[in-house]
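S.K.: Below is one structure. I have some questions about it.
Since every read-out is calculated from the coordinates, none of them should be taken as a lab result. Given the structure is predicted, the values throughout are model-derived calculations rather than measurements. Virtual Cβ from ideal backbone geometry, glycine too; neighbours counted across all protein chains shown.
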Amino acid sequence: MDKKADTNFPIHDLLANRWSPRSFDPEYILDDQQINSLMEAARWAPSCRGEQPWKFILFNKSDATMFSQALNCLSVSNQDWAMDTALLVLTCTNRFYRHNQQENGYAHYDCGAAAENICLQATSMGLAAHQMGGFSKDKARELTQVPSNYDILSFVAIGKPLNLDETRDELKERESAERNRLPLQEIYSFNKF
Ligand SMILES: Cc1cc2nc3c(=O)[nH]c(=O)nc-3n(C[C@H](O)[C@H](O)[C@H](O)COP(=O)(O)O)c2cc1C
């Protein structure tokens, strides 16, 4: 479904077309090439000192057992729609620099940039990505054995978005709701806060 951003000023189509749907084709499976492209996009994100602190743990629907265990980490309201996606990506970031084990104050910032690259790459491929904070980090850590020097940040659910007429009735209202943003003038200023 197309929910292109209604912008006051022109932005790139890729940015305007990215959004976070909940209506996905439950039969759709991603192939290796698509998955590799999504990860390649993450790989080329910028990072402080070129540290690349991110690590992504993938759950492919083609492995039904592991996919359902990852789904089980999500809040019930997220499970309700994420079960129809094809890939769940757990995003993690190393809190420490590799070269000196000092705290990396940009680890979260960098992983967020890489996650957005994944979302935009998905959009460019006719897919959609929906990020989630609504999940149990404890359950995810236990499932994936992420070491304690890595923070677990989010899940990103990726799949083939459906049109409104193909959408389950209970999702229709939410899917067609208007997209809102703060007024442009509120989010930036020159020279002083
Ligand atoms: C870090 C993060 C956590 C989010 N958590 C959830 C979530 O748990 N469940 C959900 O349905 N959407 C979640 N979202 C999606 C946001 O609600 C969505 O990005 C926001 O409303 C803007 O809508 P848009 O992405 O369609 O432009 C999350 C997004 C981000 C970036």
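Condition check ((1) over 15 Å from the mean Cα position of the chain (by Cα); (2) hydroxyl-bearing (Ser, Thr, Tyr)) across all residues:
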position	(1), (2)
TYR28	yes, yes
ARG43	no, no
GLN52	yes, no
SER68	yes, yes
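S.K.: A follow-up question, please. Would you call ASP63 within 30 Å of GLU170 (Cα to Cα), of a type in the set (Asp, Glu) and touching a residue at least 40 places away in the same chain (Cβ under 8 Å)?
M.R.: No; evaluated as a whole, the condition is false for this residue.
S.K.: So, one more: Scan region 137-193 residue by residue and report those that are touching a strand residue (DSSP E or B) at 6+ places or on another chain (Cβ under 7 Å), of a type in the set (Ser, Thr, Tyr) and over 25 Å from ASP80 (Cα atoms).
M.R.: TYR150
S.K.: Output the number of the condition that ALA129 fails; it satisfies all remaining conditions of (1) aliphatic (A, V, I, L, M); (2) touching a helix residue (DSSP H, G or I) at 6+ places or on another chain (Cβ under 6 Å); (3) farther than 24 Å from ILE11 by Cα.
M.R.: Of (1) aliphatic (A, V, I, L, M); (2) touching a helix residue (DSSP H, G or I) at 6+ places or on another chain (Cβ under 6 Å); (3) farther than 24 Å from ILE11 by Cα, only one is false for ALA129: (3).
S.K.: Select from region 1-35 the residues that are more than 13 Å from ILE158 (Cα to Cα) and either polar (S, T, N, Q) or assigned to a helix (DSSP H, G or I) (or both) and list them in ascending order.
M.R.: Once the filter is applied, which keeps residues that are more than 13 Å from ILE158 (Cα to Cα) and either polar (S, T, N, Q) or assigned to a helix (DSSP H, G or I) (or both), region 1-35 yields THR7, ASN8, ASP13, LEU14, LEU15, ALA16, ASN17, ASP32, GLN33.
S.K.: Still on this structure: Can you tell me which residues in region 7-36 are polar (S, T, N, Q), closer than 11 Å to ALA122 by Cβ and more than 16 Å from the ligand (Cβ to nearest atom)?
M.R.: Of everything in region 7-36, just one residue is polar (S, T, N, Q), closer than 11 Å to ALA122 by Cβ and more than 16 Å from the ligand (Cβ to nearest atom), namely GLN34.
S.K.: Failed condition for MET39, given (1) surrounded by 18 or more Cβ atoms within 10 Å (Cβ to Cβ); (2) away from the ligand (no atom under 16 Å from the Cβ), with all others met?
M.R.: Against the list (1) surrounded by 18 or more Cβ atoms within 10 Å (Cβ to Cβ); (2) away from the ligand (no atom under 16 Å from the Cβ), MET39 comes up short only on (1).
S.K.: Among the residues of region 120-153 satisfying the criterion of being among the polar types (S, T, N, Q) and surrounded by fewer than 16 Cβ atoms within 10 Å (Cβ to Cβ), which is nearest to the ligand (Cβ to nearest atom)?
M.R.: Top of the filtered list is SER136.
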